[in-house]
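None of the figures in this text is laboratory data; all of them are computed from the coordinates on show. Keep in mind it's a predicted model, so treat the numbers as computed, not measured. Glycine also receives a Cβ, built like all others from the backbone with ideal geometry; neighbour counts cover every protein chain displayed.
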Amino acid sequence: MASTVRSHAGSSLREFELINTLRRRHGRASASTVRGIGDDAAVTAPRAGRHLALTTDLLAEGIHFDLATASIEDVGYKAAVANLSDVAAMGARPEHLLVALAIPASCTRSRILRLYKGLMAACRPYRVSLIGGDTSASASGLFVSLTVTGSVPAGRALLRSGARVGDLIYVTGTLGDSLGGLRLLSRRDRKPAPGLAPAARRYLIARHRRPAAHCRLGQLLSRHRLATAAIDLSDGLSGDLRHICEQSQVGAEINAGALPISSALRAYAAATRTDPSTLALQGGEDYELLFTVPPSQSRRLARVAARPGLRLTCIGVIRPKRKGIRLRDEAGALRRLPLTSYVHFHKVSD
Ligand code: ADP
Ligand code: MG
């Protein structure tokens with residue numbers, strides 16, 4: 001749709017030039033790419049015996065990102081991680097990327113090239129190749145939509161619906177760091193957390209700006225038939241665990257004392273007089289994986305997870321549906337886990 005660009009942000013020639021630059025810089029074909037950028041559609045060659053995982057995300061400026069608190073490279077990086085993490089949570093290997101943009105008149109060519117720099121930096125470790133996209137003008141704000149494809153052995157995708165009563169609930173990494181980083185960055189909170197060490201501040205902000213997707217672990221969980229269900233933590237543990245419970249028709253019990261919390265987040269919580277467990281339960285955009293494993297597999301899990309060197313923590317157990325989703329506090333009392341879903345940047349009205 002070159003015409004909208006022509007009428008708004010300049011000539012279609014400029015769009016052509018931008019796409020050519022993107023193709024030269026980032027359009028290197030992978031083994032499974034038959035035709036990448038430059039034709040009416042990309043063509044890929046799926047391998048026999050594998051299923052295709054597809055995920056797409058739309059990020060709108062002012063809703064999902066704010067260029068006052070994030071660089072355009074970071075926006076690209078995080079957008080890619082959000083999609084790579086979805087593929088990881090399916091146990092699939094990410095392969096291809098398509099990028100659709102709506103660009104406001106105020107946005108420069110160099111800013112778009114920096115967006116791709118961030119995008120491709122997140123994709124490079126997984127050799128995900130850029131195979132296409134679309135470019136349009138926007139009447140207000142930048143819109144970035146990514147589509148990432150992945151490949152998983154047929155029948156082995158990790159679904160949200162496979163958790164069984166008695167399965168152990170694991171998470172990777174530490175929880176709540178991204179929310180801590182966001183709060184440190186937000187304008188409302190410019191001089192927060194007095195006494196928080198600069199290293200802790202930098203750590204939390206880096207976790208917010210450059211989270212990691214755990215694609216290797218996702219594939220190992222699928223290949224070794226370890227996980228019965230999996231999800232990535234984009235909206236926060238309390239909300240995302242609910243998706244597994246609803247789709248698996250089960251309840252869950254989370255042990256507050258077991259939640260993995262970084263020393264930096266503990267320091268932030270102490271400095272701001274917040275409860276670190278609440279940050280860990282509510283914080284979104286950590287992109288850690290949450291998955292369920294039958295207790296009989298927990299030793300194998302420890303061996304397999306040692307390979308990508310990830311920290312894994314058992315935070316609870318799957319219970320019958322009628323028990324609901326509950327939190328055991330540090331004193332041992334059980335209460336209902338409050339539903340708090342992470343709101344990325346703005347509230348969207350009903
Ligand atoms: P069409 O008019 O058929 O949609 P386009 O001119 O939009 O064709 O796109 C030409 C080629 O450039 C296609 O291969 C398309 O996938 C690719 N492309 C367009 N925009 C982007 C983008 N923002 N990022 C990557 N590839 C793009
Ligand atoms: Mg197009």
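Numbers for the structure displayed
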{"item": "Per-residue Cβ neighbour rank within 10 angstrom, fewest leading, THR313, THR135, THR172", "result": "THR313, THR135, THR172"}
{"item": "Computed P(r) (all Cα pairs; the chain; 10 Å bins; percent)", "result": "5, 24, 30, 25, 12, 3, 0"}
{"item": "Per-pair calculated FRET efficiency, R0 = 45 Å: ALA154 and ALA302 via Cβ, rounded to 0.05", "result": "0.95"}
{"item": "Fully extended contour minus Cα-Cα distance, from ARG311 to ALA105, at 0.36 nm per residue", "result": "69.7 nm"}
{"item": "Farthest toward positive dipole pole in the chain [+1 Lys/Arg, -1 Asp/Glu at C-beta], among ALA45, ALA306, ALA206", "result": "ALA306"}
{"item": "Spatially proximal aspartates and glutamates relative to LYS117 (Cα-Cα < 13 Å; intrachain offsets below 8 disregarded)", "result": "GLU73, ASP74"}
{"item": "Whole-Å distance, taken between Cα centres, linking the range 218-257 and the range 101-180", "result": "20 Å"}
{"item": "Most mobile listed residue (GLY251, GLY38, GLY91) in the chain, GNM with C-alpha springs under 10 Å", "result": "GLY38"}
{"item": "Separation in nanometres of the label points that stand 7 Å from Cα toward Cβ, at THR340 and ARG326", "result": "2.1 nm"}
{"item": "Added length on full extension, which subtracts the Cα-Cα distance from 0.36 nm per residue, LEU54 to GLU17", "result": "10.4 nm"}
{"item": "Dipole magnitude (debye, nearest 20) for the chain, charges at Cβ of Lys, Arg, Asp, Glu", "result": "980 debye"}
{"item": "Per-residue Cβ neighbour rank within 10 angstrom, fewest leading, ASP134, ASP167, ASP57", "result": "ASP134, ASP57, ASP167"}
{"item": "Most mobile of ARG300, ARG209, ARG319 in a GNM of the chain (Cα contacts under 10 Å)", "result": "ARG300"}
{"item": "Candidates TYR287, TYR126, TYR268: whichever shows maximal mean-square fluctuation once the chain is modelled as a Gaussian network with Cα springs under 10 Å", "result": "TYR126"}
{"item": "Difference of contour (0.36 nm per residue) and Cα-Cα distance, ARG164 to VAL43", "result": "39.7 nm"}
{"item": "Per-pair calculated FRET efficiency, R0 = 41 Å: ARG273 and ALA29 via Cβ, rounded to 0.05", "result": "0.15"}
{"item": "Relative contact order of the chain, pairs being alpha-carbon contacts under 8 Å that are 6 or more residues apart, as %", "result": "22 percent"}
